[in-house]
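*Asks:* Handing you this structure, nothing more for now.
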Amino acid sequence: MAERTLEQPAKKWARNYETIYILRPNVEADDVAKVATRVKDVMDRMGGKLTKVDVWGKRRLAYNIGNFTRGIFVYLGYSAHGDLIAELERNLRLLDSVMRYQTIVVDERIDLDEVTVDASEVEWADIELGDDDDDEPTTAERLGMEERAEKAEAKSDDDSDEDSDDSDSDSDDDDDDSDDDDDDAKNEEE
């Protein structure tokens with residue numbers, strides 16, 4: 001029996017994994033290509049099979065990461081051994097353009113030789129890097145300071161206009177008051 005196990009080593013089972021990583025919303029095209037290349041290199045080097053790549057695009061984050069409220073989401077489906085996960089996550093951690101990542105196990109005990117890959121499913125789609133920061137509120141706008149500043153500015157403009165009008169009317173009122181004082185003085189003399 002010992003001879004039999006030495007002749008046939010135990011089969012090493014793989015698992016199906018899903019990884020989602022989030023890129024910074026202001027990432028450059030060459031940084032996106034760098035991340036994709038790094039993921040492919042790790043898969044090739046460590047013997048994993050990439051089964052699906054899906055670029056979800058720019059989405060709103062559930063909470064701020066740094067100063068960002070949006071991120072570019074990329075989904076990866078693949079089959080691999082456990083040591084590939086540690087290497088992939090290490091590489092994602094080292095890339096500045098990746099804000100967050102998460103890997104989960106989908107299926108256990110997969111024969112890696114039986115996994116089929118559809119070439120159309122693993123093509124990296126181009127990420128639209130348009131400047132839609134117009135709808136992205138600034139920190140001041142998120143905190144409500146921008147509106148207050150605009151309102152305060154508008155109010156100060158209105159106040160300065162009223163002050164100049166009030167100063168004119170105050171001088172008129174003062175003239176009226178002095179006339180009243182003259183009338184009171186005449187009444188007292190009588």
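*Asks:* Here are some conditions: (1) open to solvent by 40 Å² or more (accessible area, probe 1.4 Å); (2) over 22 Å from GLU108 (Cβ atoms). GLU18 meets all but one. Which one does it not meet?
*Replies:* Failing condition for GLU18: (2).
*Asks:* Out of all the residues in the stretch 41-60, which are at negative phi and in a strand (DSSP E or B)? Break it down stepwise before answering.
*Replies:* Filtering the stretch 41-60 down to residues at negative phi leaves 41-46, 48-56, 58-60.
Residues satisfying the conditions are LYS49, LEU50, THR51, LYS52, VAL53, ASP54, VAL55, TRP56, LYS58, ARG59, ARG60.
*Asks:* Quick check on the stretch 114-139: of everything there that is in a loop (DSSP other than H, G, I, E, B) and β-branched (Val, Ile, Thr), which residue is modelled with the highest pLDDT?
*Replies:* VAL117
*Asks:* Something else about it: Suppose we filter the stretch 26-40 for residues that are open to solvent by 20 Å² or more (accessible area, probe 1.4 Å), in a helix (DSSP H, G or I) and touching a residue at least 12 places away in the same chain (Cβ under 8 Å); how many remain?
*Replies:* Going through the stretch 26-40 one residue at a time, the tally reaches 5.
*Asks:* Still on this model: Which condition does LEU88 not pass, out of (1) in contact with a helix residue (DSSP H, G or I) (Cβ under 6 Å, 6 or more places away or on another chain); (2) open to solvent by 30 Å² or more (accessible area, probe 1.4 Å), if it passes all the others?
*Replies:* (2)
*Asks:* Residues of the stretch 84-113 being at negative phi and assigned to a strand (DSSP E or B), which ones? Lay out the reasoning, then the answer.
*Replies:* First, the residues of the stretch 84-113 that are at negative phi: 84-108, 110-113.
Passing the criteria: VAL98, MET99, ARG100, TYR101, GLN102, THR103, ILE104, VAL105, VAL106, ASP107, GLU108, ILE110.
*Asks:* A follow-up question, please. Residues being in contact (Cβ under 8 Å) with a residue 40 or more places away in the chain and surrounded by fewer than 14 Cβ atoms within 10 Å (Cβ to Cβ): count how many of those fall in the stretch 55-79.
*Replies:* Going through the stretch 55-79 one residue at a time, the tally reaches 3.
The values are calculated or read from the model by the stated rules, or taken from the named source; none is laboratory data. Please read these numbers as outputs of a predicted model, since none were measured by experiment. Using ideal geometry, Cβ is built from the backbone for each residue, glycine included, and neighbour counts are taken over all protein chains shown. Surface areas here come from the heavy atoms of the whole protein model, side chains and all, with no ligands, DNA or RNA. Shrake-Rupley method; radii C 1.70, N 1.55, O 1.52, S 1.80 Å.
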